[in-house]
Amino acid sequence: MRVLVLEDEPVLRESLIKQLRSAGFVVDSAADGIEGEFAGNEYPIDVAVVDLGLPGRPGLDVIRAWRKAGKAFPILILTARDRWQQKVEALQSGADDYLTKPFQFEELQARLQALLRRSGGWSQPVLQAGPVELDTRSQQVRCQGRAVELTAFEYRLLEYLMLRAGQVVSKSELTDKLYEQDFDRDSNVIEVFVGRLRRKLDPDGQLLPIETLRGRGYRMARE
Amino acid sequence: MGSKPVTASAPSLVNRLVLGMAAASVLLTGAAAMALDALYRDLALDSRRDVLDAQVIALVATAELDPAGALAPASIAEARLSTPGSGLYAEIRNQTDEVTWRSPSTVGSGLELKARPKAGERLVERVTLPDGTRVLAFSLGVSWETGLRQPATYVLSAAESLEPYFSQVARVRSWLLAGATLLMATLVIGLSLGLRAGLRPLRRLELEILEVESGRREALGAGWPRELEGVAQNLNGLLAGEQARLARYRTTLGNLAHSLKTPIAALKSILATGHADPAAAGPQLDRMQSIVEHQLRKAVLAGAGSTVASIAVKAPLTDLTGALSKVYRDKSVACHCDLPDDLAYPIDSGDLMELAGNLLDNAYKYCRTQVGLRARADQRPEWRRSGLLLEVDDDGPGILSVDRQRVLERGVRADESVPGQGIGLAAVRELTAAYGGTIEIGESELGGAAVRVSLPGR
């Protein structure tokens, strides 16, 4: 999952980037509203975390500009002022949720997961695609009721495919969303990971939960 | 505080008014003097003409034909006509333009009249004598029976020097000039004195405001003219409000500083042990955070000032439910709103959102699927303007009656409260208290908690 962090306070920004990366997110960041608006328009991001008091261009203006440009990714607002008037204004401008500073990182992570799940069309925290069941809160995966142990990267790959169950996801999209920018795009590492994920979910090759579409990418069966 | 303006100040009010009035009075008195001058010259010239007319008529009355056929007055009654250089002249010419008679006063004057009126015609002319004297002449054509076949036409003329007239005009002019100047000076001086006296209260207002700025005075004094009384009262109201606000800020800052001292001391002692345990610092940091939150809430509270305008209640509450439905989208909450369109109450819209936002946030958080929001006017005989009743309920687990009072009181003193617990309701309690209202928690028909806030009318 690729997240854009707009925060001008360097200590908080660096700490957020570090924690989000270790939670498995690919992170883009900007310290001011102008650069941030550009990043949101140009990069294929899945979710944005926006501080309202940004230099250059206020957070609310950035959000309005994104929405006007047709950007539909969910947006989480960070604000130091917990006045309802401001929260309502932010939500009406196109934000999807808010978090008041100071906050626990776990809270931020939970809110981001919920936003991503919702934008994938899932209203429940437990995603179900055919025989595969993924609990976004506990990060546990079961297949036909059997618990499946996954590495952090395998989990992220599966989560991404499941959030977009029924849709075709290209290899380059997976590379963009699951790796930092300096990743070698020509490598076949995604194929390797998809292969490992298939073996773990479906050791007998009976269920075939992940379909390969030649030259186009992968598709998780929704039912 | 009282910094000198950098740009040059605009002309004072007194100077502007005096300049304007002076310009107007110069124009007016100038025009009046010119009109008077023109009128006087007109009248004086008319009277000169009448005099000459009378002289010519006298000539006609006394003229007789002498045996040689020349027309001449038999006698001269006017002494000035007989005196050379007297300034009054007369002559008679016949048909062939020969002078048949000339008054003795014309000797040496070089008077040459040019007007030749026909019989019965009167002509007035001005001529200048060789010595520069300006003369007004009046000539009358007269048809005279000479005993020949036809009557002969004679021209009888009288002329008078205009020099006495010009010197009179000059004298009148100098008097007019002196009078007009005196009038203007009196007007300008009187106006500026009057204006200065009239605008003195403004100067006093300026001085008193300066004194308030520099701290030598707390409020403006009394005894203002009617026009300034309202301004002075409003300024005093503003000053009183500012002072009250300042006092509140000082108290808030003092409370903030004092209440932060304890957790800071605790943190210091934790660090002083040498092996600082992050877990031990956690509760102190939480405490500091909740203190800051509490004081921030108090600082932004607009409160029920006498100047808060009535606002329509429906729009901000509808905005809130819209926003919360977005945040709690997963729960697909059904919000039953009962908000009259015309309901209005004098409250700061931010305070109303804060009040209802915290109540609704709790309801959305704890409900299963149903939330109710009702607002209506509360009319009582002792209130001129009605109060506001706000009720929020849900179908969640509700609040046990033994806990109800505790939930409201938690967070009242932020430095004793548990963060994240009851902060919302504590904020509602503080806001309600600031507006002099009451709050009660009961059971909802939906099955969960119902919170009723009642704000008084006035």
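Lys/Arg Cβ at +1, Asp/Glu Cβ at -1, dipole of the stretch B:1-121 taken about the Cα centre: which of B:38, B:96, B:52 is farthest positive-ward?
Checking the options against the dipole of the stretch B:1-121, the answer is B:38.
With angles folded into 0 to 90 degrees, how steeply does helix B:278-300 sit against the dominant principal axis of chain B? Use alpha carbons for both and round to 10.
30 degrees
For residue B:16 and residue B:168, FRET efficiency with R0 = 56 Å and r from the beta-carbon atoms, rounded to 0.05?
Rounded to the nearest 0.05, the efficiency is 0.85.
Compute the angle between helix B:314-327 and the longest alpha-carbon principal axis of chain B, please, reported from 0 to 90 degrees and rounded to the nearest 10.
40 degrees
Enumerate the calculated ³J(HN,Hα) couplings along the stretch B:442-455 in order (Karplus 6.51 cos²θ - 1.76 cosθ + 1.60, θ = phi - 60°), each rounded to whole Hz, writing x wherever the residue is Gly or Pro.
x, 9, 8, 5, 6, x, x, 8, 10, 10, 10, 10, 10, 9
Compute the accessible area per residue over the stretch B:255-455, keeping the other protein chains in place, probe 1.4 Å, unit Å².
Counting only protein heavy atoms, the per-residue value for the stretch B:255-455 is 50 Å².
For an R0 of 60 angstrom, estimate the FRET efficiency from the Cβ-Cβ distance between residue A:119 and residue B:271 and round to the nearest 0.05.
0.85
Measuring from label point to label point, each 7 Å out along Cα→Cβ, what is the residue B:24 to residue B:197 span in nm?
Output for this residue pair reads 1.9 nm.
Within chain A, which whole H helices from DSSP have a Cα span along their axis of at least 15 Å and a mean Kyte-Doolittle hydropathy of 0.0 or more, if any? Please report the intermediate quantities before stating the final value.
Details: long enough: A:10-22 (18 Å, -0.23); A:105-119 (21 Å, -0.45); A:152-163 (16 Å, 0.63); A:189-201 (18 Å, 0.48).
Span-like helices here: A:152-163, A:189-201.
What are the trypsin sites (Lys or Arg not before Pro) within the stretch B:99-137 that DSSP puts in a loop, where the Cβ has at most 10 other Cβ atoms within 10 Å?
Passing both the DSSP loop test and the Cβ count: B:114, B:118.
In square angstrom, rounded to the nearest 10, how much accessible surface does residue B:310 have for a 1.4 Å probe?
Its heavy atoms expose roughly 60 Å² to the probe.
Quick one: angle between helix B:13-62 and the longest Cα principal axis of chain B, in degrees between 0 and 90, rounded to 10, please.
20 degrees
Charges only on Cβ, +1 for Lys and Arg, -1 for Asp and Glu: so what's the dipole of chain B about the Cα centre, in debye to the nearest 20?
On the way: 50 positive and 52 negative charges, 208 e Å.
So the dipole magnitude of chain B works out to roughly 1000 debye.
Chain pair B, A: how much accessible area is buried, both chains summed, with a 1.4 Å probe, in Å² to 100?
1800 Å²
How high is the relative contact order of the stretch B:15-169, in percent, with contacts defined as C-alpha pairs under 8 Å that are six or more residues apart?
20 percent
Could you list log10 I(q)/I(0) for the protein assembly as shown at q = 0.08, 0.09 Å⁻¹, which the Debye formula gives when each Cα is one point scatterer?
Debye curve over Cα of the protein assembly as shown, log10 I(q)/I(0) at q = 0.08, 0.09 Å⁻¹: -0.86, -1.00.
Considering only the other residues whose Cβ falls under 13 Å of the Cβ of residue B:242, what net charge follows from Lys and Arg at +1 and Asp and Glu at -1?
On the way: positive: B:245, B:248, B:250; negative: B:213, B:218.
So the environment of residue B:242 carries a net charge of +1.
Considering only protein heavy atoms, what per residue accessible area in square angstrom results for chain A with a 1.4 angstrom probe?
46 Å²
Just to confirm the filter: which chymotrypsin sites (Phe, Trp or Tyr not before Pro) across the stretch A:116-223 are DSSP coil and have at most 14 other Cβ within 10 angstrom of their Cβ?
Qualifying residues, ordered by number: A:183.
Relative contact order, percent, of chain B when contacts are C-alpha pairs under 8 Å separated by at least 6 residues? Show your work: numbers first, answer last.
Details: 634 pairs, mean separation 44.3, N = 458.
This gives 10 percent for chain B.
So which residue, out of A:96, A:204, A:51, gets the largest mean-square fluctuation from a GNM of chain A using Cα contacts under 10 Å as springs?
Greatest mean-square fluctuation among the candidates belongs to A:204.
Could you check the simple spin-label distance between residue B:43 and residue B:74, using points 7 Å along Cα→Cβ, in nm with one decimal?
4.0 nm
The values are calculated or read from the model by the stated rules, or taken from the named source; none is laboratory data. Source: prediction; values computed, not measured. Quick reminder, even Gly has a Cβ in these numbers, built from the backbone with ideal geometry, and neighbours come from all protein chains shown. Each accessible area value is taken on the protein alone, full model and side chains, heavy atoms only, with ligands, DNA and RNA left out. Shrake-Rupley method; radii C 1.70, N 1.55, O 1.52, S 1.80 Å.
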